[in-house]
Amino acid sequence: MMNVPDKRMRRTKMMFHEALLALLQEKNFEAISISEIVRKAGVNRGTFYFHYQQKEDLLEEMVNTMLAQMIAAYRKPHKSYQEMTITEISTYPLFEHFMENKLFYQTLLNSSFPINLHERMLQTMEHHYHQDIDFFLPAISKEMNLDLFCSYRVHGLIGFILNWIKNDFDHPIEYMAEQLVKIVTINTQKIYIKR
């Protein structure tokens with residue numbers, strides 16, 4: 001159980017995260033001062049420096065927190081080790097995470113920041129794929145490079161999500177989760193080149 005100081009610290013950090021995100025709706029990160037952050041958060045300057053040395057530390061923490069929540073959402077339906085088929089994997093909580101944090105992703109992906117959120121999303125998800133997922137590959141795939149396979153899957157997933165964000169979340173969560181399963185399970189062995 002979390003004690004009172006821990007709860008208070010988490011609440012203070014959340015206030016800083018919310019304040020920075022709100023200010024990013026008004027101006028670029030470089031133009032935001034620490035004075036503006038503490039004023040928006042409703043705390044004093046000393047409290048800021050108790051937690052961070054500079055505003056970049058706050059931004060880094062905010063991004064790391066969100067990416068940790070992204071992975072937690074991806075793992076939510078299947079936390080314990082279990083064997084399952086691709087069609088059994090639920091990505092609903094993952095898409096729900098992006099919808100619930102719409103403002104964060106739209107803001108940080110559409111602006112210039114010291115942190116490249118797109119790249120960090122790829123790195124975080126690729127790490128998760130390598131650490132937490134064992135893919136069962138048929139015998140015909142013995143020659144396949146697993147690192148390249150994971151990279152292909154991760155870039156496809158993140159690209160799929162980024163397209164949804166770019167189009168202002170134009171489809172419902174259920175539809176996106178269903179489409180993802182259909183896309184990753186389809187086997188296209190033949191294509192026709194259009195002239």
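General observations
- Pairs with Cβ under 9 Å, 6+ apart, first in the stretch 184-195 and assigned by TED's automatic domain parsing to the domain that holds residue 135, second at pLDDT 75 or above and not aliphatic (A, V, I, L, M): 184/153; 184/156
- Qualifying residue in the stretch 134-155 (condition: within 15 Å of the chain's Cα centre (by Cα) and closer than 19 Å to residue 89 by Cβ): yes
- Within the stretch 43-71, tally of residues that are loosely packed, with under 13 Cβ neighbours inside 10 Å, assigned to a loop (DSSP other than H, G, I, E, B) and modelled with pLDDT of 95 or more: 2
- The number of residues in the stretch 27-39 being of a type in the set (D, E, K, R) and either at pLDDT below 95 or closer than 25 Å to residue 97 by Cα (or both) comes to 2.
The values are calculated or read from the model by the stated rules, or taken from the named source; none is laboratory data. Predicted model, so just to flag it, every value in this text is computed and none were measured. Here the Cβ is made from the backbone with ideal geometry for all residues, glycine too, and neighbour counts use every protein chain on show.
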